[in-house]
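Enquirer: Quick one: structure below, then a few questions.
The values are calculated or read from the model by the stated rules, or taken from the named source; none is laboratory data. If you're wondering where the values come from, they're calculated on a predicted model, not measured in any experiment. Note that each Cβ is placed from the backbone with ideal geometry, even for glycine, and that neighbours are counted across all protein chains shown.
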Amino acid sequence: MAAILINYPLKDVLSVFKIASKVFMHKATPIHETVEYWNKTAQKARQNGLLELENEIEGADEFTKKSIQLLVDQVDSEIMNDILTTEIIYIQERHNLGQKIFTSLGNYAPAFGMVGTLIGLIQMLQQLNDPSQIGSGMGTALITTFYGAVLANLVFLPMAGKLKTRSKQEVQEKELIVLAINSIKDGDNPRLMREKLVTFLSPKLRSGDKTENKK
């Protein structure tokens, strides 16, 4: 932790642990449900007008609220895209910072574990005149390497990987929302918009989706 606080500002370290807790506790919405949500939203906008979409803001996440509000306010497409794209970039930067901090923790832990082992070996060598202490001294010396390896490979590096995966999912969802917002603003037919959005789905989900529609 001392090495991390030397490498990164305290506010960044604290914010990353806060972000990490939200990432692990947050239940992500399946991407195919997001596609269906925006398909229904496009149908409402086409039938009742953009003002009707203000009812969709309640209960939505912050990015969706901002996107719908920009659409309802008839903000210019270029300005709207700049605002939403900038938001996505800053989300990526925050997540990348979290990944870097946890990766650094994963790199530091084994190194400091080895430092602990070296200190333990030095103390053990000072007691060579008492052979009965060598076994316990060696065990104490090696335990820090064990803790360092476990913390790195069971906690810190997996957390960095989890943040990377969740970040990718969140950015993908935000990009889908931007595409949907632009499609609604351009007055695209909901069916056409849906075809654009399903490109975000895996082939398995696409085929399942089509089967469901035929039923």
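Enquirer: Regarding Leu205, is this residue part of a helix (DSSP H, G or I), closer than 23 Å to Thr41 by Cβ and modelled with pLDDT of 85 or more?
Expert: So Leu205 does not fit the description; no.
Enquirer: Just checking, which of Ile68, Ile19 is farther than 27 Å from Ser183 by Cα, in a helix (DSSP H, G or I) and in contact with a helix residue (DSSP H, G or I) (Cβ under 8 Å, 6 or more places away or on another chain)?
Expert: Ile19
Enquirer: Consider only pairs whose beta carbons are under 7 Å apart and that are at least six residues apart or on different chains; among these, list those whose first residue lies in the range 170-186 and is more than 24 Å from Arg94 (Cβ to Cβ) and in contact (Cβ under 8 Å) with a residue 40 or more places away in the chain and whose second residue is basic (Lys, Arg) and part of a helix (DSSP H, G or I).
Expert: These pairs meet every condition: Ser183/Lys196.
Enquirer: Of everything in the range 37-61 that's among the hydrophobic types (A, V, I, L, M, F, W, C) and over 25 Å from the mean Cα position of the chain (by Cα), which residue is surrounded by the most Cβ atoms within 10 Å (Cβ to Cβ)?
Expert: Restricting to residues being among the hydrophobic types (A, V, I, L, M, F, W, C) and over 25 Å from the mean Cα position of the chain (by Cα), the top hit is Ala42.
Enquirer: Consider Val178 carefully, then state whether it is out of contact with any Ser or Thr (no Cβ under 6 Å at 6 or more places or on another chain), within 30 Å of Glu78 (Cβ to Cβ), modelled with pLDDT under 90 and of a type in the set (Val, Ile, Thr).
Expert: No.
Enquirer: How many residues does the range 38-61 hold that are touching a helix residue (DSSP H, G or I) at 6+ places or on another chain (Cβ under 9 Å) and either in a helix (DSSP H, G or I) or modelled with pLDDT of 85 or more (or both)?
Expert: Number satisfying all stated conditions: 16.
Enquirer: Among residues belonging to the range 154-191 that are closer than 15 Å to Tyr37 by Cα and aliphatic (A, V, I, L, M), point out the one that is surrounded by the fewest Cβ atoms within 10 Å (Cβ to Cβ).
Expert: Among those that are closer than 15 Å to Tyr37 by Cα and aliphatic (A, V, I, L, M), it is Leu179.
Enquirer: Quick check, is Thr64 modelled with pLDDT of 85 or more, out of contact with any Ser or Thr (no Cβ under 8 Å at 6 or more places or on another chain) and surrounded by 12 or more Cβ atoms within 10 Å (Cβ to Cβ)?
Expert: So Thr64 passes the test.
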